[in-house]
Structures are given as structure tokens and as C-alpha cells.
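Student: First, the structure itself, so that you have it in front of you.
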There are 2 protein chains.
Amino acid sequence: METVLYHTISEVKEKVREWKRAGLTIGLVPTMGALHIGHASLMKAAREKCDRVVASVFVNPIQFGPNEDFDKYPRTLEADVKLAGECGVDVVFAPSPKEMYGEGIKLSNDLLTYVCPPFDYVDKLCGKSRPGHFDGVCTVVNKLFNIASPDFAFFGEKDAQQLIIIKKMVKDLNMNLEIVPCPIVREEDGLAVSSRNTYLSAEARKKAPTVYKALCEVRNLISKGVDNREILLDSALNVLDKDIELEYLEFVNISDLSISSKVTLKNLIVIAVKLDGVRLIDNIFPKG
Amino acid sequence: METVLYHTISEVKEKVREWKRAGLTIGLVPTMGALHIGHASLMKAAREKCDRVVASVFVNPIQFGPNEDFDKYPRTLEADVKLAGECGVDVVFAPSPKEMYGEGIKLSNDLLTYVCPPFDYVDKLCGKSRPGHFDGVCTVVNKLFNIASPDFAFFGEKDAQQLIIIKKMVKDLNMNLEIVPCPIVREEDGLAVSSRNTYLSAEARKKAPTVYKALCEVRNLISKGVDNREILLDSALNVLDKDIELEYLEFVNISDLSISSKVTLKNLIVIAVKLDGVRLIDNIFPKG
């Protein structure tokens, strides 16, 4: 089947109603575009599990802070549609901000209904340095779920906090779909694939894989019984390239994102760094 | 058909899936129980418009403030189910707080995902004296919409701010249903029917109809060309029983709840008062 590109909500809703009437299952892959092999793995997983697949491509203004990279975020719609087609996506939904949030509206919680994840899930990790970010994420994802009415929605494990927050939203609001987490896709040298990797200079790109190497080192130590945070943190700093600035390295419980008071083999190890002015995140399970 | 009483989300979802598969339309009437002739009018409207009707009965803890009447709010489930049956309701959904929000969870936005209406819609009228109230309303209504997947949901015009905020939520979040507003039902003496009227002493009950009389007086003056707020306010105070304390009398635009800078025939006139320790609200359109 040919991949169709829709720009309006009503087109998607109409197509979805048609599919539902025919008893077909729907998979949704929400993305901000600049699609890469990480997204491809999500789209292929959706293609395998569902009768019909929608991939959304929308750089969501309300999840970017005032000093973040909304304007320079890569936009590559033509290539995105091509890759989506190769992965068997049926519909690419690429709305404008106006289509999603209305004309001339001030994009703030003064005038828009927001979906707000619990404070305890956002006052840490990426949420700490990006106030309001996850409100914006939950709001747009909630809208996309209502627009595409998916049975399954596919999210990468790379954005671990986002994944756990969205699962929490689906549970708390009794939404009628299942979240399917998909494993992180890595470059050959271990760097987690991300649209923001394109911001890195050639020199910085060479240093970036030490983020994953640091995670592996920490995991290795934990599996040997080390549970002292300072020792684990030092070992990570030793492995990270000296030009990389650590924002956080934490050990969290995957069920509720709480920071573990005692490091165990069950914790998710999450990291955020800055390199060459670019913010990178990654994570790993101790038992991987 | 017999009216069925369900206490769990999964029972309702299963029944709804069955109905959807059969291509039936669903109407939802969300209530806090203590059903009266106002609710009956909603249930009958739903019965008329939809193939199947769900009425929910749930005193929602997260929309009550710490000093409000959550504990003493009337609970009359047996009578509610009877009235729902007489109105042709198919399913009464009466969950426990634990069923809706999980076991032992602190009912706050520390641990729960909330749906938050825009500040500009809640920083006035009832929202001003009830901080967080409409967050609680939107959150529970959003949940109920996901649980019952209605094509139509029926709300009384008495809670005008609530109605406008919920319509805004449905629009902002692209939810797949239509909100059907239903006219205020009044006692013979004009008092708007409300579950909270039962709190009134016999003496206070006799004074309560002056709330509606005050609205009628204001409407009458506006239709005669009076547009001065002070004059309109004074005329209302003259009609209100002297034991009634006015919380607000406002003239709002129905589309976005903005307070009208110039009073016109198109404004909704909204009022809130305290009488005998009981908070009462009412509203009226100048035309009609």
C-alpha cells in the first residue's frame, strides 16, 4: 500500500474511523521527524504488530523551553515520508502548529488545556533542567492518541523518563491503548541514535560514545557488587571524555521513576550530558 | 432493558467494546449521584439521542477542596439506580475512589496525572474561590470519557463554567465526542435544582428563590438597555434576600468565559451566593 501524507486532523480521524469500522488494529509512532534508524525500528515494530500504522511528524512547540532548539530542530519531511514508506507506514501525519493548537493562539497554559504528569515524575532528571517539557509532551501525545485512536503506540526506551511518564498518563487517564517500548538503537561505536546527534561537530562526535562507555562501566561495577554512588559516579567521570559535562547520572526504579536510595541490579541507569553545546541522554539496564 | 450497576472500570470498558462492535452509539451522563429531576432531564436527553446510555455516579474526591463538603455530600446510590432505570439508563457506573485512583495513593498532582484547563478559564467565577476544583473536574471527566468512550456526553447548563471548560478540553485535546448542554431545571419557585439544595434549612429554602429572581431582574434591565455594571449589581442586591451573601455576579462571553468589558444581550449572567452556609450558583441568558 502507498504511504499517504496528511496535514489535517480531520483527514486522519476520517481514515481511522474507516479502519475501525473494518475491525483493523492501529499502531501509532509519534515522532518529531528527522527520522533515523531508531525511528525505523519503531515503525517496523508497529508494522509487525498492527494492521495499520500511523507515524506522526510534528516538532511540538509547547515541549520546548524558550532557550531550547525549537527553531533549529531538523525538519526533513520529504526524507521522513520516504523512510516511513520503506518501513511500511500507511499514514504520515504532519500537521502545522496552527492545525494542532489553533490560529494565533498564545501557546501557554493560559489558553490551552494541558495534560500534566505528576510532580514526582517530573521534578528530576530531564524534567529538572527542562521545566514544562513533560507537560508539553503529555499534552501533544494525548492529542495524538485521540486523533489516531491507536491500539498500540510505540516509544523508544532512549527517552526513558518520557516513556515512563506516558505509560503513567495512559494508566491514570484510563486511555484505551497499550504502550510498546522499543530498545535503544545504537551506532556501531555505541552512541545512542538521536536526531540531535547531527548537531555535533566531527570532533565532538568522536567523543560522544564515551557516554555509553561510561554507562557500561557503571553497569559492570554494579554487577560486581559495587553499590556506592560516589564510586559509581567517579568511575563514570573517569570514562567520560573530559570535554563532556555531566548533567546527571542516576539510578531509578523503572516502575515509578523514583530515585533508588540503594543501587541495585534492578535499577535503570540514566545519564544526561552536554557536549559541544548539545544535550545528549542515554540509559541502560544493569542486567542488559 | 434492565439497568445494570457496575463498580469496576473493566466491566464498563468490556460492555462498551461490545456495544461499539455492534455499531451502537453511546451517551454518557457524568454525575456525583444524589440524582434529582435535573439529572433526570440529562438522562432522558441521552436516552433520546443515543442507542445506549451510561450514567456515572461518583463523588470525585479530587475536585473538592480541603474545607469543602466531600464527606457530607449526599450519597443515595440505591435511589440513584432506581431513577436511572426509570430514565432508561442501561448502565450505572458507580466506582469507588480506589477503583478510580488506585490504592492508598495520595490524591494530589504529586502522584497523579492531571488534566488542567487553561488559567484564563479558571482564575475567575467559581474557580477563584475553589482553587484546583476544575483540574479535578477535567481529570475525572477525561477519565470517564476514556472509560465509557461516549459519542455524546450530557452536562447541565447550571454549572456554566464547568460546561464551557469541558467543551474547551474536548476541543483542545481532540477528543472524539460531542458535548450536549442541557437547560437548567428549576423548582416551581424558580430555584435551580441542585443536590446541594438539600443542605438548606426550611427557612433558608424559602429565601433561595431570590437568587433566580435577581437574575431575572438583571436580565430585564439589560433588555431595557441598561449596561452599567453598578446599576445592574445594585438591582440584584435589592432583590436578593438580605441573608444571602453575594460571591459574584458577572457578565461573561459564552465562547471563552472572558468577562465582558461591556454588558450586552449576548452575555451569560452568572451568579454565586452563600446562604445558610450553603454555596449556590445559577445563571441565565439575557435573551431567553
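Student: Which count do you get for residues in the range B:107-133 that are within 12 Å of another protein chain (Cβ to nearest Cβ) and touching a Cys at 6+ places or on another chain (Cβ under 8 Å)?
Tutor: Count: 6.
Student: Moving to a separate point now. Could you say which residue among A:Val89, A:Val12, A:Val59, A:Val16 is β-branched (Val, Ile, Thr), touching a Pro at 6+ places or on another chain (Cβ under 9 Å), assigned to a loop (DSSP other than H, G, I, E, B) and crowded, with 19+ Cβ neighbours inside 10 Å? I'd like the intermediate steps shown before the answer.
Tutor: Working: A:Val89 fails: touching a Pro at 6+ places or on another chain (Cβ under 9 Å); A:Val12 fails: assigned to a loop (DSSP other than H, G, I, E, B); A:Val16 fails: assigned to a loop (DSSP other than H, G, I, E, B).
Going through A:Val89, A:Val12, A:Val59, A:Val16 in turn, the sole match is A:Val59.
Student: Tell me which residues, restricted to the range A:234-253, are under 24 Å from the mean Cα position of the chain (by Cα), surrounded by fewer than 19 Cβ atoms within 10 Å (Cβ to Cβ) and more than 19 Å from A:Leu191 (Cα to Cα).
Tutor: A:Asn253
Residues checked against (1) touching a residue at least 60 places away in the same chain (Cβ under 8 Å); (2) within 17 Å of A:Cys126 (Cβ to Cβ); (3) touching a Gly at 6+ places or on another chain (Cβ under 7 Å):
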| residue | (1), (2), (3) |
| --- | --- |
| A:Val193 | yes, no, yes |
| A:Ala204 | yes, no, no |
| A:Lys213 | no, no, yes |
| A:Glu217 | no, no, no |
| A:Glu230 | no, no, no |
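Student: Examine the range A:144-153 for a residue that is in contact (Cβ under 8 Å) with a residue 40 or more places away in the chain, among the hydroxyl-bearing types (Ser, Thr, Tyr) and either surrounded by fewer than 19 Cβ atoms within 10 Å (Cβ to Cβ) or more than 8 Å from chain B (Cβ to nearest Cβ) (or both), and state whether such a residue exists.
Tutor: no
Student: To continue, here is another question. Quick test for you: out of B:Ala79, B:Ala46, B:Ala40, pick the one residue that is in contact with a strand residue (DSSP E or B) (Cβ under 9 Å, 6 or more places away or on another chain) and among the hydrophobic types (A, V, I, L, M, F, W, C).
Tutor: The conditions single out B:Ala46.
Student: Being more than 10 Å from every other protein chain (Cβ to nearest Cβ) and among the charged types (D, E, K, R) is the filter; apply it to the range A:92-106 and report the residue that is surrounded by the fewest Cβ atoms within 10 Å (Cβ to Cβ).
Tutor: A:Glu103
Student: Within the range A:74-86, work out how many residues are in a loop (DSSP other than H, G, I, E, B) and either in contact with a Ser or Thr (Cβ under 8 Å, 6 or more places away or on another chain) or surrounded by 17 or more Cβ atoms within 10 Å (Cβ to Cβ) (or both).
Tutor: Going through the range A:74-86, the residues in a loop (DSSP other than H, G, I, E, B) turn out to be A:74-76.
Still in the running and either in contact with a Ser or Thr (Cβ under 8 Å, 6 or more places away or on another chain) or surrounded by 17 or more Cβ atoms within 10 Å (Cβ to Cβ) (or both): A:74.
Residues in the range A:74-86 being in a loop (DSSP other than H, G, I, E, B) and either in contact with a Ser or Thr (Cβ under 8 Å, 6 or more places away or on another chain) or surrounded by 17 or more Cβ atoms within 10 Å (Cβ to Cβ) (or both): 1 in total.
Student: Related question: Between B:Ala79, B:Ala84, which is in the same structural domain as B:Phe155 (by TED's automatic domain parsing), modelled with pLDDT of 95 or more, closer than 19 Å to B:Phe154 by Cβ and within 22 Å of the chain's Cα centre (by Cα)?
Tutor: Testing whether each residue is in the same structural domain as B:Phe155 (by TED's automatic domain parsing), modelled with pLDDT of 95 or more, closer than 19 Å to B:Phe154 by Cβ and within 22 Å of the chain's Cα centre (by Cα) leaves just B:Ala84.
Student: For the range A:181-191, which positions are within 22 Å of A:Ala79 (Cα to Cα), within 16 Å of the chain's Cα centre (by Cα) and either without any contact (Cβ under 8 Å) to a residue 40 or more places away in the chain or within 14 Å of chain B (Cβ to nearest Cβ) (or both)?
Tutor: A:Arg186
Student: Another question, then. In the range B:254-277, how many are touching an Asp or Glu at 6+ places or on another chain (Cβ under 9 Å), of a type in the set (Val, Ile, Thr) and surrounded by fewer than 20 Cβ atoms within 10 Å (Cβ to Cβ)?
Tutor: Count: 2.
Student: Of all residues being farther than 20 Å from B:Pro66 by Cα and facing another protein chain (nearest Cβ under 8 Å) in the range B:134-143, which is nearest to the chain's Cα centre (by Cα)? Just the residue, please. Quick ask: steps written out before the conclusion?
Tutor: So in the range B:134-143, the residues farther than 20 Å from B:Pro66 by Cα come out as B:141-143.
Imposing the further condition that a residue be facing another protein chain (nearest Cβ under 8 Å) reduces the set to B:142-143.
Values: B:Asn142: 14, B:Lys143: 16 Å.
Looking at the filtered set, the residue picked out is B:Asn142.
Student: Filtering the range A:34-54 down to residues that are in contact with a Ser or Thr (Cβ under 6 Å, 6 or more places away or on another chain) and not in a helix (DSSP H, G or I), which residue is farthest from A:Pro183 (Cα to Cα)?
Tutor: A:Asp51
Student: A further question follows. Filter the range B:154-177 for residues that are of a type in the set (D, E, K, R) and within 13 Å of chain A (Cβ to nearest Cβ) and give the result. Write out each step before concluding.
Tutor: To start, the set of residues in the range B:154-177 that are of a type in the set (D, E, K, R) comprises B:157-159, B:167-168, B:171-172.
Correct list: B:Lys167, B:Lys168, B:Lys171, B:Asp172.
Student: Here is a follow-up. Could you please let me know if A:Glu178 is free of Cβ contacts under 8 Å to residues at least 40 places away in the same chain, assigned by TED's automatic domain parsing to the domain that holds A:Ala34 and within 19 Å of A:Ala160 (Cβ to Cβ)?
Tutor: Numbers: free of Cβ contacts under 8 Å to residues at least 40 places away in the same chain: yes; assigned by TED's automatic domain parsing to the domain that holds A:Ala34: yes; within 19 Å of A:Ala160 (Cβ to Cβ): yes.
Yes; evaluated as a whole, the condition is true for this residue.
Student: Quick check: is even one residue across the range A:203-221 closer than 20 Å to A:Pro74 by Cα and within 20 Å of the chain's Cα centre (by Cα)?
Tutor: Yes - at least one qualifying residue is present in the range A:203-221.
Student: Between a residue in the range A:1-28 that is within 10 Å of chain B (Cβ to nearest Cβ) and any residue that is part of a strand (DSSP E or B) and among the hydroxyl-bearing types (Ser, Thr, Tyr), which pairs come within a Cβ distance under 9 Å, given they are 6 or more apart or on different chains?
Tutor: Here the result reads A:Val12/A:Tyr6; A:Val12/A:Ser56, each pair linking the range A:1-28 to a residue that is part of a strand (DSSP E or B) and among the hydroxyl-bearing types (Ser, Thr, Tyr).
Student: Can you tell me how many residues in the range A:21-47 are at pLDDT 95 or above and either within 18 Å of A:Ala94 (Cβ to Cβ) or of a type in the set (D, E, K, R) (or both)?
Tutor: 18
The values are calculated or read from the model by the stated rules, or taken from the named source; none is laboratory data. A quick note: this is a predicted structure, and the numbers were derived from the prediction, not measured. Neighbour counts run over all protein chains shown; Cβ positions are idealised from the backbone, glycine included.
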